[in-house]
Amino acid sequence: MIETLRNCFDEMVVYKDLRKTNFFSALNLPSFMRDWLLKKFEDENGEYDTEEVLKFVQTYLPRKDDWSAIKDRVVMGNEKVRFLAKITTEISVEKKQVYFALPDYGLTFKDTIIEEDVWDDCKDDLLHGETWGMVEIGYRSPEDADILFAPETKSGSSAKGANKGKIKLTAFKPFCPYTVDVEYYKDARKEFSTAEWIDVLLGAVDYNAGGYSDEETKLTMLTRLLPFVEKRLNLIELAPKGTGKSYLFGRVSRFGALPTDSKISRATLFYHKTRHTEGLVATSDFVVLDEIQTIQFGDVDEMRTVLKAYLESGIIKIDSYERAADAGFVLCGNISKEIMDDGGFSNMFSELPKSFHESALIDRFHGFIKGWHIPRMNEDLKISGWALNSEYFCSILHELRDDMSYRAIVDELVEVPDKSDTRDTEAVKRIATAYLKLLFPNVRTARDISASDFKRYCLQRAYRMRDIIKTQLGLLDNEYKGKDVPVFGIREV
């Protein structure tokens, strides 16, 4: 399989060795950044010069502690400094100005500026929320601002205060080192059996397929990737400690968000009314609330109201602010061994905080992941060998979110039972669509997948995930008791 992988994906494959203790572990880089460095410096045998990599890291991947020194070079030394960083932008309607922030270094919008000529060059890459890339920053002194804004100031415009010293963005190059050819990726899937492809997917997110005991365990692990590939897919996972939830959701993809603060506000997730800034839901593919037992909402009723409305419609509406978003929600929590229940008949949602003990809210989550089917992280589960580059793989999944053809195939294949609850139908179809994209991306028409494969890997798994949600709803609210998810059939095509 490795030979097929390298032949099919060539430059998109890197040699990962997470078992070996090396300086990459100490760098604590997200997977996509680590794989980018590996690809940049590895030879065809997977070997690299440690000193060469370390020199690049020290030059272009500064630590938080290095920020004061960078600021000194920029402000006091009037240098332009280039480095890899996560950047986000804000457009001020009032001042007709664009600002940027570097969240990892504490640089906020109030201390920055993107001048018009630079914005014209970079805006296509910066208009999509938080973005990784090579930033180049310089300093705009108050004297430079006086010259820049002199005509407006004389005319009494709103440029008041604009002539302060600012750190300015002078150039930006997006962090996308590959050509993301989705059609090629789809075609390449044909070269692998389903069992081989499952192993390819595990390697792409840093896991060793050989460390899993069976296919069901592998597939449960891969279920965590469904929100990566399908818009507005909302899941709940309860798992024992140490199964890698935080790593997969927080370190593998640059398109997701995993807030680390246990106190979550409406402004953080949705919209900050005072600053007029969008939250994580508007700028991410998925938002994961980890350690859900410890999460605290400032105003529980307010948060539930906004969250329920978003989960139902995909619309964020706060006062006069309104916009559509595509982020899915994932609630992750630890579960005690005593109430793990494959049948889903014990009250597992008692583990969720009381703010989530509302049936109308839980009903809006599409499926449940049995995290206890995922083994506790151990050395055998760490990848050691050739695998798909995480950055490339997650970029493909990000692009597949916009491909509506898979949902059309699911609509054609799935036979919906009479009087099926609309939320059940949507949940089953949405999960099945995500599985189809993930496991069978080569499928272009309903005839390209056998009924047995679609049933085994997509429909039945989607049904079981939704059925647990429905069973738990019955334990939470008498209104849902006995209202099981009906069995969905498959049409002949």
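The values are calculated or read from the model by the stated rules, or taken from the named source; none is laboratory data. What you see is a predicted model; the values in this text were computed from it and never measured. A quick note on method: Cβ atoms are made from the backbone with ideal geometry, for glycine too, and the neighbour counts reach across all protein chains shown.
General remarks:
Here's the yes/no breakdown for (1) small (G, A, S); (2) surrounded by fewer than 22 Cβ atoms within 10 Å (Cβ to Cβ); (3) within 26 Å of the chain's Cα centre (by Cα):
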{"site": "G328", "(1), (2), (3)": "yes, no, yes"}
{"site": "K337", "(1), (2), (3)": "no, yes, no"}
{"site": "E351", "(1), (2), (3)": "no, yes, yes"}
{"site": "I374", "(1), (2), (3)": "no, no, yes"}
{"site": "M377", "(1), (2), (3)": "no, yes, yes"}
{"site": "R401", "(1), (2), (3)": "no, yes, yes"}
{"site": "A408", "(1), (2), (3)": "yes, yes, yes"}
{"site": "E412", "(1), (2), (3)": "no, yes, no"}
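- Any hit, the stretch 355-366, residues being part of a loop (DSSP other than H, G, I, E, B), at pLDDT 90 or above and of a type in the set (K, R): yes
- Selection count where residues are out of contact with any strand residue (DSSP E or B) (no Cβ under 7 Å at 6 or more places or on another chain) and either on the phi < 0 side of the Ramachandran plot or hydrophobic (A, V, I, L, M, F, W, C) (or both), scope the stretch 106-130: 9
- Residue that is assigned to a helix (DSSP H, G or I), in the same structural domain as G242 (by TED's automatic domain parsing) and over 24 Å from Y271 (Cβ atoms), where the choices are F349, F345: F349
- Restricting attention to the stretch 307-325, the residues that are over 19 Å from G256 (Cα atoms) and surrounded by 17 or more Cβ atoms within 10 Å (Cβ to Cβ) add up to 1.
- Within the stretch 187-234, helices (runs of 4 or more DSSP H) holding 1 or more residues that are within 23 Å of the chain's Cα centre (by Cα) and acidic (D, E): 194-204
- Scanning the stretch 379-399 for residues that are in a helix (DSSP H, G or I) and crowded, with 19+ Cβ neighbours inside 10 Å turns up L381, S390, E391, Y392, F393, C394, S395, I396, L397.
- Pairing residues of the stretch 29-47 that are in the same structural domain as L84 (by TED's automatic domain parsing) with residues that are outside any loop (DSSP other than H, G, I, E, B) and buried (at least 16 other Cβ atoms within 10 Å of the Cβ), at Cβ distances under 8 Å and at least 6 apart in sequence or on separate chains, gives no pairs at all.
- Filtered residues of the stretch 458-493 (kept if without any contact (Cβ under 8 Å) to a residue 60 or more places away in the chain and among the aliphatic types (A, V, I, L, M)): L459
- Scanning the stretch 429-464 for residues that are aromatic (F, W, Y) and either touching a strand residue (DSSP E or B) at 6+ places or on another chain (Cβ under 8 Å) or closer than 13 Å to E412 by Cβ (or both) returns a single hit, F454.
- Some residue of the stretch 474-491 being within 19 Å of F356 (Cβ to Cβ), touching a Leu at 6+ places or on another chain (Cβ under 6 Å) and either surrounded by fewer than 21 Cβ atoms within 10 Å (Cβ to Cβ) or not small (G, A, S) (or both): yes
- Per the conditions (1) part of a loop (DSSP other than H, G, I, E, B); (2) within 26 Å of V485 (Cβ to Cβ), the sole criterion not satisfied by P375 is (2).
- The residues of the stretch 209-242 that are in contact with a Lys or Arg (Cβ under 6 Å, 6 or more places away or on another chain), under 13 Å from L381 (Cα atoms) and crowded, with 21+ Cβ neighbours inside 10 Å amount to a single one, Y212.
- Selection from the stretch 82-105 of residues that are surrounded by 19 or more Cβ atoms within 10 Å (Cβ to Cβ) and either on the phi > 0 side of the Ramachandran plot or among the aliphatic types (A, V, I, L, M) (or both): L84, A85, I87, V98, A101, L102
- Output for the stretch 377-391, where each listed residue is under 26 Å from A239 (Cα atoms) and not hydroxyl-bearing (S, T, Y): M377, N378, E379, D380, L381, K382, I383
- The stretch 207-257: number of residues that are touching a strand residue (DSSP E or B) at 6+ places or on another chain (Cβ under 9 Å) and acidic (D, E): 2
- With respect to the stated conditions, K455 is of a type in the set (K, R), assigned by TED's automatic domain parsing to the domain that holds P227 and free of Cβ contacts under 8 Å to residues at least 40 places away in the same chain.
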